[in-house]
Amino acid sequence: MATATLTIDLDAIAANWRALDQMTASDCQTGAVVKADSYGLGAAKVAHALARAGARRFFVATCEEGADVRRALGSGPQICVFSGHMEGDTALIRDFDLTPMLNSIDQLTRHFEALGGQPFGLQLDSGMNRLGLEPGEWEAVAGFALEAGPELLMSHLACSDDPDHPMNTEQLGAFRAMTDGTGVPRSLSATGGILLGPAWHFELTRPGIGLYGGRPFEEARPVVRLSLPVIQVREVEIGEPVGYSNTWTAEHTSTIATVAAGYADGLPRTLSSRATLYAGRVPCPLVGRVSMDLITVDVSHLPEVPETLDILGPHQTPDDLADTAGTIGYEILTSLGRRYQRRYGALAA
Ligand SMILES: *Cc1c(COP(=O)(O)O)cnc(C)c1O
């Protein structure tokens, strides 16, 4: 079979959630961000595993994602939607019991007119200038918005992956200025904010990438292994090229394995002649261009060519691969292709 296998360790995701939960006080709840199909790893399976670990509040980007997570979880857990209440969302919010995080005066008006009794939260802009009410808008509507009983006041940090960035304290100050004394539960921190310390925790945190084994949560357990089948092995002589545009030429007689995955499966072309694959623990360099469905790997040094080579696993995390590709682990994960056979279970050593 020329289909690659993506193994996703749900126990490791649950363990990462518990570890992040332990970093905050017992009266601070730990939510779970499962947007973008749980960063590409399967929202239904991941949400289920996290609910079993104790998560009670889930966050998604859109109401459609929220409906999928509700189908997986059944009633009970709260499902919050970052994009809020958009035109056309009313039926989904009502039917799937979603909690929109309203982000503008338009959305407040739409929500109160369409679904007055339905729970909601509010997003405030503390400086990132992406989503949420600006301080001036908030001042104008805080009275009646608070009267309506929001479940949560939230904002988002722009630079929390860098603990020394002055923006972290600036946003903390701005958020507190908008929310101190309201008595409403507050949330400011994603994974990075949890690591900044208790001042950033408030009543609820919203980790995403840390659950999936990514930076800046360095102690995270690895969550994914991506094993690519070797389709063919050949000897190439000195001077022979490999792959599109002849970008790599053998300098010695070499053994080249052609493996099944390419940029159509989310392996960026910028990995061409730069990435490393692993035969167990033994690194093997990717040579030549990444093509749509295939990559070529120099396995000359292996005593025996294995049936598969790993491009993600305990020896190379999505962040490591992202460093080589010139992107971030989030993008590697959310680009993982649809063609992989997905297995949920432990990552063998
Ligand atoms: C994506 C997102 C999160 C999760 O962020 P991580 O860095 O993945 O932990 C939290 N809050 C908001 C508003 C987000 O958009």
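Can you give me the number of residues within the stretch 195-223 that are under 17 Å from residue 38 (Cα atoms) and touching a Pro at 6+ places or on another chain (Cβ under 7 Å)?
Of the residues in the stretch 195-223, 3 are under 17 Å from residue 38 (Cα atoms) and touching a Pro at 6+ places or on another chain (Cβ under 7 Å).
If I ask for residues that are out of contact with any strand residue (DSSP E or B) (no Cβ under 9 Å at 6 or more places or on another chain) and surrounded by 17 or more Cβ atoms within 10 Å (Cβ to Cβ), which ones from the stretch 300-326 would you list?
Selection gives 319, 322, 325.
Residues are listed down the side, and each one gets a yes or a no for (1) without any contact (Cβ under 8 Å) to a residue 60 or more places away in the chain; (2) closer than 30 Å to residue 50 by Cα:
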position: 227; (1), (2): no, yes
position: 231; (1), (2): no, no
position: 291; (1), (2): yes, no
position: 298; (1), (2): yes, no
position: 312; (1), (2): no, yes
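Can you pull out the helices (runs of 4 or more DSSP H) entirely within the stretch 1-119 that have at least 2 residues that are of a type in the set (Val, Ile, Thr), in contact (Cβ under 8 Å) with a residue 12 or more places away in the chain and assigned by TED's automatic domain parsing to the domain that holds residue 192?
Output list reads 90-95.
Just checking, how many residues over the stretch 84-134 are under 17 Å from residue 147 (Cα atoms) and among the basic types (Lys, Arg)?
The qualifying residues number 1.
Name the one entry in 238, 209 that is among the β-branched types (Val, Ile, Thr), more than 16 Å from the ligand (Cβ to nearest atom) and modelled with pLDDT of 95 or more.
On inspection, the qualifying residue turns out to be 238.
For the stretch 220-228, state whether one or more residues are away from the ligand (no atom under 16 Å from the Cβ), part of a loop (DSSP other than H, G, I, E, B) and closer than 26 Å to residue 292 by Cα.
no
Restricting the search to the stretch 65-83, which residues are more than 16 Å from the ligand (Cβ to nearest atom) and farther than 18 Å from residue 20 by Cβ?
Answer for the stretch 65-83, where residues must be more than 16 Å from the ligand (Cβ to nearest atom) and farther than 18 Å from residue 20 by Cβ: 67, 68, 70, 71, 72, 73, 74, 75, 76.
Would you pick out the residues in the stretch 100-130 that are surrounded by fewer than 22 Cβ atoms within 10 Å (Cβ to Cβ) and closer than 21 Å to residue 68 by Cβ?
115, 118, 119
Given 51, 19, which one is under 19 Å from the mean Cα position of the chain (by Cα) and either surrounded by fewer than 19 Cβ atoms within 10 Å (Cβ to Cβ) or within 16 Å of the ligand (Cβ to nearest atom) (or both)?
Exactly one residue qualifies, and that residue is 19.
Evaluate the stretch 179-188: report whether one residue or more is under 29 Å from residue 42 (Cβ atoms), buried (at least 23 other Cβ atoms within 10 Å of the Cβ) and within 12 Å of the ligand (Cβ to nearest atom).
Scanning the stretch 179-188 turns up at least one residue that is under 29 Å from residue 42 (Cβ atoms), buried (at least 23 other Cβ atoms within 10 Å of the Cβ) and within 12 Å of the ligand (Cβ to nearest atom).
The values are calculated or read from the model by the stated rules, or taken from the named source; none is laboratory data. Source: prediction; values computed, not measured. Using ideal geometry, Cβ is built from the backbone for each residue, glycine included, and neighbour counts are taken over all protein chains shown.
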